[in-house]
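Student: For reference, the structure I am asking about is given below.
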Amino acid sequence: MFFRKQVPATPWPQEEEHSKNKESPNRYFISRNIVLFLLFLSAWFLVLFGCFQPRSSTTKPRTYIPSHTAQEAHPNDVKTVTPILKCDGSVSVYVYSLPPEFNVGLLEDCHHLNVYTDMCPHVANCGLGQPLSNMGSTSWFFTHQFIAEMIFHARVENHQCRTLDPERANLFYVPFYGGLHVSSKFREPDLEARDALAVRLIDYLQAQPWWQKRQGKDHFLALGRTAWDFMRRDSGPDFGANSLLNLAPVQNMSVLTVERHPWKKGSNQHGIPYPSYFHPSTSDDLLTWQNNMMMSERPHLWSFIGGPRKGLEKAAIREKIIGQCTESTRCHLVKCGSGANQCYQPSEVLSVMRRSQFCLQAAGDSYTTRSTFDSVLAGCCTRCSFRPTRLIPQWYLP
Ligand SMILES: *[C@@H]1O[C@H](CO)[C@@H](O)[C@H](O)[C@H]1NC(C)=O
């Protein structure tokens with residue numbers, strides 16, 4: 001949403017059997033997928049929310065301060081996080097203590113973590129970013145869209161199902177900040193250098209006794225960028241991706257990623273939503289927000305927040321949407337361009353969405369957009385124009 005990388009000129013190659021099945025109209029399939037997708041979203045919301053909910057017990061809450069971002073420290077940096085979910089014992093996660101070059105060490109150079117923007121304000125608060133003061137509660141943060149891996153790391157570390165004893169674990173989390181790293185190397189022309197850290201990570205893992213037990217089948221990564229940022233193709237243009245997810249040992253792992261590769265190559269990938277700006281710490285906060293959204297007056301039938309794009313297909317769709325919205329008295333258009341404008345203000349974006357009945361979504365830089373999740377948060381019915389529309393759940397469901 002904020003700073004874009006280049007857009008691939010060619011779409012994913014569609015696998016034949018896939019396009020045949022899914023492109024043909026099949027109402028049962030579509031509605032089943034929508035139901036699954038909604039279930040999936042609500043489950044994620046519960047999981048994410050649950051991890052931050054305070055627990056009334058005598059356990060001392062764990063307080064953590066992101067020491068690596070001391071220079072951006074904000075009074076709210078000290079966040080008390082206590083998980084509520086009880087662990088039933090069936091899952092026991094061990095969090096690898098990786099050499100710092102794979103995660104927190106990368107943050108030391110946060111000014112250069114992304115070739116388009118300074119990530120220092122965004123990596124504060126364990127990845128939640130800077131607090132948003134104009135949202136009426138302390139649950140709001142200016143959270144960068146590609147930061148899920150940091151938030152996930154912080155949450156797993158505080159999760160009830162975490163074990164400090166690898167002997168007892170049946171799941172191994174590898175907290176690699178692969179998305180932050182890949183975005184610092186988009187312009188690295190030497191492909192070997194671009195892949196070097198990922199290769200070192202896999203070498204490191206393969207040397208671990210816990211890896212060797214099951215050849216990594218019980219290991220997983222969580223990445224804050226889309227799968228195609230880690231799946232460089234030999235043919236076709238180079239968009240800055242590395243080869244992490246193409247490495248053979250990674251095929252044995254499970255990978256959580258925003259926007260999975262929907263076809264065979266992504267069979268070990270699991271889609272996670274883009275992070276929202278809302279990180280409620282109490283159930284009251286959550287209920288208040290839900291009630292506000294349900295009561296919200298929605299004078300606009302539909303709205304579109306976005307700007308024109310380059311590239312044939314995307315440009316045509318966006319141009320049409322923008323044209324029709326301009327002509328319609330029932331549409332609210334927020335046209336995004338370069339430079340500072342309200343498109344980049346979470347409070348502005350959400351305030352338009354919460355006053356609209358339908359929020360149109362066009363493909364962004366990747367095949368789905370963060371804005372899709374923002375509109376769900378704002379209680380706005382999401383209409384997606386990106387193709388293949390019926391496959392949307394495919395980006396997120398196995
Ligand atoms: C993946 O796991 C299988 C066993 O389940 C093993 O035979 C294979 O060598 C592993 N692949 C890599 C690259 O480690």
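Student: When a/c is below 1.5 the answer is rounded, else prolate if a/b is larger than b/c, else oblate, so apply that to the range 160-242 with a ≥ b ≥ c taken from the square roots of the Cα gyration tensor eigenvalues.
Tutor: Because a/c hits 1.5 or more and a/b exceeds b/c, the range 160-242 counts as prolate.
Student: Among 86/213; 86/264; 264/310; 264/320; 265/320; 264/335, which pairs are too far apart, with a Cα-Cα distance over 31 Å?
Tutor: Values: 86/213 28 Å; 86/264 35 Å; 264/310 29 Å; 264/320 33 Å; 265/320 34 Å; 264/335 37 Å.
Violating the 31 Å limit, Cα to Cα: 86/264; 264/320; 265/320; 264/335.
Student: Take the Cβ-Cβ distance between residue 168 and residue 267 as r, set R0 to 45 Å, and report the resulting FRET efficiency rounded to the nearest 0.05. Mind showing how you got there, number by number?
Tutor: Working: r = 29 Å, r/R0 = 0.64.
The pair residue 168/residue 267 has a calculated efficiency of 0.95.
Student: Continuing with the same structure: Within 11 Å, Cβ to Cβ, of residue 172, how many net charges do the neighbouring residues add up to if Lys/Arg are +1 and Asp/Glu are -1?
Tutor: Here the count lands on +2.
Student: Also: Using Cβ counts within 10 Å as a stand-in for footprinting exposure, how do 254, 139, 97 rank, fewest first? Show your work: numbers first, answer last.
Tutor: Numbers: 254 16, 139 22, 97 9.
So the residues, fewest neighbours to most, are 97, 254, 139.
Student: Taking 7 Å along the Cα-to-C-beta vector as the label spot, tell me the residue 357-residue 111 distance in nanometres, rounded to one decimal.
Tutor: With each label point 7 Å from Cα toward Cβ, the separation is 5.1 nm.
Student: Also, I was wondering about something else. Compute the distance in nm between two label points, each set 7 Å from the Cα along the Cα-to-Cβ direction, one at residue 294 and one at residue 327.
Tutor: Those two pseudo-labels are separated by 3.9 nm.
Student: Ratio of Rg to Rh for the range 62-271, alpha carbon only, Kirkwood?
Tutor: My calculation of the ratio gives 0.96.
Student: Cα centroid distance between the range 137-165 and the range 251-267, in Å?
Tutor: Measuring centre to centre over Cα atoms gives 21 Å.
Student: Test of understanding: what is the full-extension gain from residue 203 to residue 301, defined as 0.36 nm times their sequence separation minus their Cα-Cα distance?
Tutor: Contour length minus Cα-Cα distance gives 29.9 nm.
Every read-out reported here was derived from the displayed coordinates using simple, explicitly stated rules and does not represent laboratory data. Values in this document were obtained by computation on a predicted structure and should not be read as measured data. All Cβ positions, glycine included, derive from the backbone under ideal geometry; neighbour counts span all protein chains shown.
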